[in-house]
Number of protein chains: 2
Amino acid sequence: MAHKAQSALPISAPTSLLTPIKVPQRLLMGPGPSNASPRVLAASALPLLGHLHKEFLDVMDEIKEGLRYIFQTNNSLTIAISGTGHAAMEAAIANVVERNDKVLVAVNGLWGARVFDLSSRYGAKVTTIKKPVGQVFTLEEIEEGLIRDKPKLFFITHAESSATVLQPLEGIGRLCHKHNCLLLVDTVASLGGIPIKVDELEIDIVYSGAQKCLSSPPGASPISFSPRAWDKVKNRKTKVESFYFDLIQLANYWGVDDQPRRYHHTGPISSFYALREGISILCNEGLENSWRRHKENSELLWNELQKLGLELYVKKKIARLPTVTAVNVPNGINWKEVATFIMQKYNLEISGGLGETAGKVWRIGLMGYNCTKENVQLITAAMYDALQQQRQGSVKSSL
Amino acid sequence: MAHKAQSALPISAPTSLLTPIKVPQRLLMGPGPSNASPRVLAASALPLLGHLHKEFLDVMDEIKEGLRYIFQTNNSLTIAISGTGHAAMEAAIANVVERNDKVLVAVNGLWGARVFDLSSRYGAKVTTIKKPVGQVFTLEEIEEGLIRDKPKLFFITHAESSATVLQPLEGIGRLCHKHNCLLLVDTVASLGGIPIKVDELEIDIVYSGAQKCLSSPPGASPISFSPRAWDKVKNRKTKVESFYFDLIQLANYWGVDDQPRRYHHTGPISSFYALREGISILCNEGLENSWRRHKENSELLWNELQKLGLELYVKKKIARLPTVTAVNVPNGINWKEVATFIMQKYNLEISGGLGETAGKVWRIGLMGYNCTKENVQLITAAMYDALQQQRQGSVKSSL
């Protein structure tokens, strides 16, 4: 039990709160959050502005413009949701889905399962197409589902970070539109690090998070709606259940299509500063350079790990995610001990699996600010050291 | 049109994003956001941790413990919602209300109107008791409503910041429970600055924001549920529509009642750091000292403004909000010009009215870090200067 400071009030101040916060510096190379850039952290600490001050509205306008570049879209409704990645996922579903709408979800890992749950909560009739974890969907499989279920919305994950597979998106948008269906894509673990061109791909709704390739803290999450999706929202028969995520109101607050701005909610000011700065860094580098950097460093990581005798979880190079890599845990090695050793000795986080990959793999992230050659060398050295340690340990214990 | 940088991509990086963010330092003395404490801003910029790292879970535990002190409650379900104040409002409604539940809303300004809309969205049968803007409710009026409508939930605003009135809360909880109803209270503009003892007052659900008396940036919002309210949530017949705000999942992620923690969503890490620090500052000062400081400085402000010949919007001292003060705009004075003059000359924000008070009053906030004697003197001097300016201006223009 914590000791309490003296007070005349029934409940006293906890002593743990009487000292300033202390937080260790750590290299976060799991599937995310990834480290924020120091420039972004400095932006987080800038003085607050009123949420309707001109200078703050300028920051919001810059976020809109910058996100259009990063998504490669002309969608006017391109904004940030005032919450973390799951809030953007929810904003997408809550606005586009009405009760009894048919939704088809591609499930090959955790995120599809989440969208299945979320769509059901909002009253949709949800069906799925499924693939084993670690596999992606072909256009034929998707079209079969679209013909079978006639959904109004189809969901698929671009970067399935629980199984570390990359879903090719070419052709899916056209297919959806042929079958009179909107396409919703999760790009939380890919946006900024892996090529994605929203307009070219005919994606209708796309969202992401700040804490991966955008090198920002979680708290404000990019989202974009095509004119087709925006029309569906504007022509809803019923109000969106959620007020906080109501796009009609949000579009107004964000001044989308040059609407005069109206107070809707108080935006998370510091999170918007941070996101603006993460976007700015990506604009400075250039999207194509960032995509190339993520590709080159991930390939270097794959080579280095294979040189250590380790096997990658996703066999086909073309299907591997460049932002998060799953590595099979060899027989006789305790994945948790390795991760703990690396955290304790190197102050470096790598993660285990999630869902079906739990206990079977390590997951190593190379995203945004953290995606450097130096970090690849560091993680390789740390893995080598940890595996040596494990093998010596098992030699000792088998003597 | 903004100039674009060169790129082979269809959409180029906007030049406005090629330079680092710039934000002016400003004294925010409107109804909020109020300035965050420098210690809080420094905490915002600390390095990210994983959202399930022990050190981060410790920060979350400290937030829980600190909020129990600030709310004066033993409620185990006392956490922060991962969004701004409206997100907490929505989390309260979304979890406690099921379709066709009866909800009674006390409307005497903007926040009641918002809760009316929000409850309707979530399928409640909503009725109201109403008072003109600037007036508060008596126990008799509330009991009449409870008897008439037999609601399962009653909503009232503690600090109505649009009209700057303070609703006495004594006795309302007991009344609600007598009539088998839960009590939900909005304390966005009061928590930390005005006495409120949640357990003593038998409040069932209470929420607030970070950007007022907690001296933190908006982005993580305190909320607390009594065992009675928590039971209602646990015994729902239907799942909460919202996944992001689902308390069953959130309680689990926050380790409430010593549950083993499970990943639900990625928390807004930096916002939690900041909120923890804002809470810590309040623990250091002591709640009673903070309440006294807000009372003394607001009374000083009222005296100083009256000495300038200005009238306060709320006549009865007992009903006046100590955190935000509305001042009547005298005849012949342009409120907007005064506010603009003060912003331009003193870099200081005061605000106009909201809803029915728009154009009729200025609103001056004295909250958290900003609530000091020095700021009262500054705002008084600035008001004096601005009024002089206006009168000279009107003298000139009438010559």
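The values are calculated or read from the model by the stated rules, or taken from the named source; none is laboratory data. All values derive from a computational prediction rather than experimental measurement. Glycine gets a Cβ as well: all are built from the backbone with ideal geometry, and neighbour counts include every protein chain shown.
Data table
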item	result
Those residues of the stretch A:13-55 which are modelled with pLDDT under 95, in contact with a Ser or Thr (Cβ under 9 Å, 6 or more places away or on another chain) and within 28 Å of B:Pro24 (Cα to Cα), in sequence order	A:Gly50, A:His51
Leading residue by the ranking (surrounded by the fewest Cβ atoms within 10 Å (Cβ to Cβ)) among those in the stretch A:27-75 that are of a type in the set (Val, Ile, Thr) and within 30 Å of A:Ile379 (Cβ to Cβ)	A:Ile70
Breaking point among (1) at pLDDT below 95; (2) over 30 Å from B:Gln344 (Cα atoms); (3) more than 7 Å from chain A (Cβ to nearest Cβ), for B:Pro10	(3)
Number of the exception - B:Thr238 against (1) farther than 20 Å from B:Gly365 by Cα; (2) at pLDDT 95 or above; (3) among the hydroxyl-bearing types (Ser, Thr, Tyr)	(2)
Test: A:Ser221 is more than 8 Å from chain B (Cβ to nearest Cβ), closer than 19 Å to A:Asn74 by Cα, among the small types (Gly, Ala, Ser) and touching a helix residue (DSSP H, G or I) at 6+ places or on another chain (Cβ under 6 Å)	yes
Residue identified as closer than 30 Å to B:Glu65 by Cα and of a type in the set (Phe, Trp, Tyr) among B:Trp291, B:Trp302, B:Trp335, B:Trp362	B:Trp291
Matching residues, the stretch A:170-193, being surrounded by fewer than 24 Cβ atoms within 10 Å (Cβ to Cβ), under 21 Å from the mean Cα position of the chain (by Cα) and in a loop (DSSP other than H, G, I, E, B)	A:Glu170
Check on B:Pro20, out of contact with any Gly (no Cβ under 8 Å at 6 or more places or on another chain), within 20 Å of B:Gly192 (Cα to Cα) and either at the interface with chain A (Cβ under 7 Å from one of its Cβ atoms) or not hydrophobic (A, V, I, L, M, F, W, C) (or both)	no
Within the stretch A:1-110, helices (runs of 4 or more DSSP H) holding 3 or more residues that are under 18 Å from B:Ile21 (Cβ atoms) and touching a residue at least 40 places away in the same chain (Cβ under 8 Å)	A:38-44, A:54-71
Criterion: within 10 Å of another protein chain (Cβ to nearest Cβ) and either within 14 Å of A:His265 (Cα to Cα) or surrounded by 24 or more Cβ atoms within 10 Å (Cβ to Cβ) (or both) - qualifying residue of B:Ala80, B:Ala106, B:Ala88	B:Ala88
B:Arg292 among the basic types (Lys, Arg), at pLDDT below 95 and either surrounded by fewer than 19 Cβ atoms within 10 Å (Cβ to Cβ) or not in a loop (DSSP other than H, G, I, E, B) (or both)	no
Yes/no for B:Ile333 being outside any helix (DSSP H, G or I), under 19 Å from B:Leu214 (Cα atoms) and of a type in the set (A, V, I, L, M, F, W, C)	no
Among residues of the stretch B:241-263, those that are within 23 Å of A:Ser82 (Cβ to Cβ), among the small types (Gly, Ala, Ser) and surrounded by fewer than 24 Cβ atoms within 10 Å (Cβ to Cβ), counted	1
Verdict on A:Lys64 being of a type in the set (D, E, K, R), over 25 Å from the mean Cα position of the chain (by Cα) and not assigned by TED's automatic domain parsing to the domain that holds A:Leu348	no
Residue satisfying all of: in the stretch A:136-166; closer than 25 Å to A:Val327 by Cβ and free of Cβ contacts under 8 Å to residues at least 40 places away in the same chain; surrounded by the fewest Cβ atoms within 10 Å (Cβ to Cβ) among these	A:Phe137
Residue under evaluation B:Thr238, criteria (1) of a type in the set (Ser, Thr, Tyr); (2) assigned to a helix (DSSP H, G or I); (3) surrounded by fewer than 24 Cβ atoms within 10 Å (Cβ to Cβ), criterion not met	(2)
Test: B:Ala124 is within 14 Å of chain A (Cβ to nearest Cβ), crowded, with 21+ Cβ neighbours inside 10 Å and under 21 Å from B:Ala229 (Cβ atoms)	yes
Qualifying residue in the stretch B:264-272 (condition: surrounded by fewer than 23 Cβ atoms within 10 Å (Cβ to Cβ) and more than 9 Å from chain A (Cβ to nearest Cβ))	no
Qualifying position, being within 19 Å of A:Ser190 (Cβ to Cβ), touching an Asp or Glu at 6+ places or on another chain (Cβ under 8 Å) and either without any contact (Cβ under 8 Å) to a residue 24 or more places away in the chain or of a type in the set (A, V, I, L, M, F, W, C) (or both), among A:Leu366, A:Leu321, A:Leu354	A:Leu321
Qualifying positions in the stretch A:36-77 - closer than 18 Å to A:Gly209 by Cα and among the small types (Gly, Ala, Ser)	A:Ala36, A:Ser37, A:Ala43, A:Ser44, A:Gly66
B:Asn284, sole failed condition from (1) more than 12 Å from every other protein chain (Cβ to nearest Cβ); (2) assigned to a helix (DSSP H, G or I); (3) without any contact (Cβ under 8 Å) to a residue 24 or more places away in the chain	(1)
Only one of B:Pro195, B:Pro260 that is out of contact with any strand residue (DSSP E or B) (no Cβ under 9 Å at 6 or more places or on another chain) and within 13 Å of chain A (Cβ to nearest Cβ)	B:Pro195
